[in-house]
1. Could you grab the relative contact order for the chain? Cα pairs under 8 Å, six or more apart, rounded to a whole percent.
2. With an 8 Å cut-off on Cα pairs and a minimum separation of 6 or more residues, tell me the relative contact order of the range 134-174 in percent.
3. Using a Gaussian network model of the chain whose springs link C-alpha atoms within less than 10 Å, name the residue from D195, D15, D68 with the highest mean-square fluctuation.
4. If the viscosity is 1.306 mPa s and the temperature 10 °C, what translational diffusion coefficient in µm²/s does Stokes-Einstein give for the range 64-206 when Rh comes from Kirkwood over Cα pairs?
5. List the extent of the Cα atoms of the range 13-120 along each of their three principal axes, largest first, rounded to whole Å.
6. Given an 8 Å cut-off on Cα distances and at least 6 residues of separation, report the relative contact order of the range 16-67 as a percent.
7. With springs only between Cα atoms under 10 Å apart, run a GNM on the chain and tell me which of A151, A122, A163 wobbles the most.
8. When ligands, DNA and RNA are left out and all protein chains stay put, how many square angstrom of accessible area per residue does the range 143-187 have with a 1.4 Å probe?
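The values are calculated or read from the model by the stated rules, or taken from the named source; none is laboratory data. As the structure is a computational prediction, the values presented were derived from the model and not from experiment. When we count neighbours, we look across all protein chains shown, and the Cβ atoms used for this are built from the backbone with ideal geometry, even at glycine. SASA here: full protein model, heavy atoms, side chains in, ligands and nucleic acids out. Shrake-Rupley method; radii C 1.70, N 1.55, O 1.52, S 1.80 Å.
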Amino acid sequence: MAERSRRVSRPSGDDRQEAILVTTEALLQSRDFDSLSIDELAKGAGISRPTFYFYFASKEAVLLALLDRVIRQVEARVAALSREFDADTASAWRRSIAAFVEVFSEHRAVATAAMAVRSRNAEVHDLWSRSMLSWVDYTAEVIEAERARGAAPQGIHARDLAAALNLMNERVLLAAATGEHPAVTGGAELDVLVDVWVRSIYGVIPTSH
């Protein structure tokens, strides 16, 4: 009786979608995005090609979903951070920058693939642009607050400085991810970025209070 009542567990739609995402990110660890095929992604997820298309219209749609997930992870970490920078300024900036650096380093293959296709895929381009704008907004707000309390000197427009610093982050991390030369010494990206950010915003490395 017990044998008859036992039911075979079947994967849900969410499980299949997750399997496609996991398979794609795993393959991107050693392959470039353009070389991946729908058949490979479906096979790796344990589904048929027609079933793949039930969840995603294309492999670009899979990449878009992966990138969106990575960006949401960064945003969640940044949102949880305190905006009080007066206690230990350098450490506060380090935590903010680390939210970006660490998540994108953990998902380096996704970030690299997204940067490779964004020039020809409007959805990937727009998603990345919106995320960059949100990080620039956050940075500019903090810079303006630091200037208002007298901790940072007045200088170039806060938003311009914020844009330049965030674009630097993007370029430094992309070079590290793709093995370009020149590039910041491997593993030193966070230290270098924090130092440049703090010196650019304050003129000097501020002392803790």
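1. 20
2. So the answer I get is 46 percent.
3. D15
4. 101
5. Extents along the principal axes: 56, 27, 22 Å.
6. It rounds to 44 percent for the range 16-67.
7. Fluctuation is largest for A122.
8. 57
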